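Read-outs throughout are calculated quantities, based only on the coordinates presented, and are distinct from any laboratory measurement. Remember, it's a predicted structure, so these values are computed and weren't measured experimentally. FYI the Cβ positions are ideal-geometry reconstructions off the backbone, even for glycines, and counts take in every protein chain you see.
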Amino acid sequence: MSSLASMTGYARAGGAVPGIGFQVEIKSVNARGLDVRMRLAPGFDALESEIRRRIGKAVSRGSITFTLSVDREGEGGRVVINKQALGAVLAALEVLSTQVDAERPRLDGILSLKGVLEQHESPLAPEAEEALHAAILSALDKVIADLVTARRQEGAHLAAVLRERVDEIAALTKAAELHPGRGRDAILERLRLLIAELIATGVGLSEDRLAQEALLLATKADIREELDRLGVHVASARQLIADGGPVGRKLDFLSQEFNREANTLCSKSNTVELTGIGLDLKAVIDQLREQVQNIE
């Protein structure tokens with residue numbers, strides 16, 4: 001039996017090889033499906049597909065953001081002027097000089113603009129690059145494991161909350177089933193009153209028409225089918241929570257089915273008390289569905 005998992009979590013780890021340190025960070029929030037976003041340090045795009053594969057193998061839902069930052073010690077490579085960016089800046093300055101009476105910017109000011117100067121890291125030897133990639137992927141495995149643990153810990157808390165909500169739904173369903181308003185005498189009295197109203201307002205109603213109206217009213221007052229379905233849904237919800245795993249979508253669908261039966265119960269209710277039970281059901285179901293949105 002696997003446990004429920006939340007879709008929220010966070011983990012971070014660091015590592016180093018000679019001359020280079022790095023940090024990896026992963027965080028997860030709710031999403032309809034699995035959405036993995038990457039923020040990789042320049043020059044590490046080759047790792048993207050493997051990072052996605054390992055994350056996708058570990059989690060099935062959530063908006064995942066993975067960040068890799070790298071810090072190279074000592075010599076930082078060579079600085080290169082981005083001629084295209086510099087040309088765009090100089091062209092813009094030329095246009096502005098005809099419209100604004102201001103002192104022209106100094107060279108250091110122009111070079112400090114983002115994108116004008118680019119730093120190109122010196123390439124690593126193949127052996128050093130392989131060692132760095134292996135260390136990053138090892139750190140990746142650690143943060144994925146820590147993320148899964150965090151999501152399961154939160155999932156255990158959510159499972160307890162979901163069980164409480166389902167128990168409340170079961171109790172309210174039982175209360176509706178035992179309510180005196182569902183009894184034969186109560187329904188017959190309600191029918192007598194409604195038929196009396198029909199006779200008073202409907203001139204010349206035949207016995208057949210009265211019988212049809214009585215049957216319609218009796219059918220409308222019967223909530224047996226809704227109560228049975230609520231009971232089946234309660235059993236299904238309890239089983240899904242007990243089974244665990246990525247059951248968030250199934251629980252979300254089940255909460256919609258709960259709500260549908262509660263709505264029908266309210267519409268069929270023939271007493272204020274039964275309507276109140278139906279409204280309490282809807283409130284608890286809303287709470288259930290709100291928590292279900294966090295489940296993987």
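Please compute the modelled spin-label separation between His157 and Asp286, points set 7 Å along Cα→Cβ, answer in nm with one decimal.
My value for the distance between the label points is 2.4 nm.
Counting Lys and Arg as +1 and Asp and Glu as -1, what is the net charge of the other residues whose Cβ lies under 14 Å from the Cβ of Gln293?
My count for the surroundings of Gln293 gives +1.
Taking neighbour counts of Cβ atoms within 10 Å as a proxy for exposure, in what order, fewest first, do Phe253, Phe66, Phe22 appear?
Placing the least packed residue first, the sequence is Phe253, Phe22, Phe66.
Which FRET efficiency, nearest 0.05, do Val100 and Glu130 yield, Cβ-Cβ r, R0 45 Å?
Plugging the Cβ-Cβ distance into 1/(1 + (r/R0)^6) gives 0.25.
Figure the gain on full extension for Ala235 and Ser3 (residue separation times 0.36 nm, minus the Cα-Cα span) and round it to one decimal in nm.
Roughly 81.7 nm would be gained on extension.
With each pseudo-label sitting 7 Å past Cα toward Cβ, what's the Asp252-Ile81 distance in nm, one decimal?
A separation of 5.4 nm, rounded to one decimal place.
For Asp45 and Asp141, FRET efficiency with R0 = 25 Å and r from the beta-carbon atoms, rounded to 0.05?
That pair, Asp141 with Asp45, gives E of 0.80.
Would you mind checking which residues have amide H under 5 Å from Ala31's amide H? H placed 1.01 Å from N; only 5 or more apart, or other chain.
Hits under the 5 Å cutoff: Gly62, Ser63.
Find how much the distance from Asp243 to Arg53 grows on full extension, using 0.36 nm per residue of separation minus their present alpha carbon separation; answer in nm with one decimal.
Value of the extension gain: 65.8 nm.
Measure up Lys27/Lys114; Lys27/Lys142; Lys174/Lys250 against 19 Å on the Cα-Cα distance and list the ones that go over.
The answer is Lys27/Lys114; Lys174/Lys250.
So if R0 is 41 Å, what FRET efficiency would Tyr10 and Ile110 give, r being the distance between their Cβ atoms, rounded to the nearest 0.05?
Computed FRET efficiency for Tyr10 and Ile110: 0.50.
Multiply the residue gap between Leu279 and Thr65 by 0.36 nm, knock off their C-alpha separation, and tell me the result in nm, one decimal place.
This chain segment gains 73.0 nm when fully extended.
If each of Ala196 and Thr149 carries a label point 7 Å out from its Cα toward its Cβ, how far apart are those two points in nm?
7.2
Return, ordered by residue number, the residues of the range 1-31 whose backbone nitrogen is under 19 Å from a label point located 7 Å along Cα→Cβ of Glu73.
14-24
Taking Cα centroids, how far is the range 232-250 from the range 5-62 in Å?
What the calculation gives is 29 Å, centre to centre.
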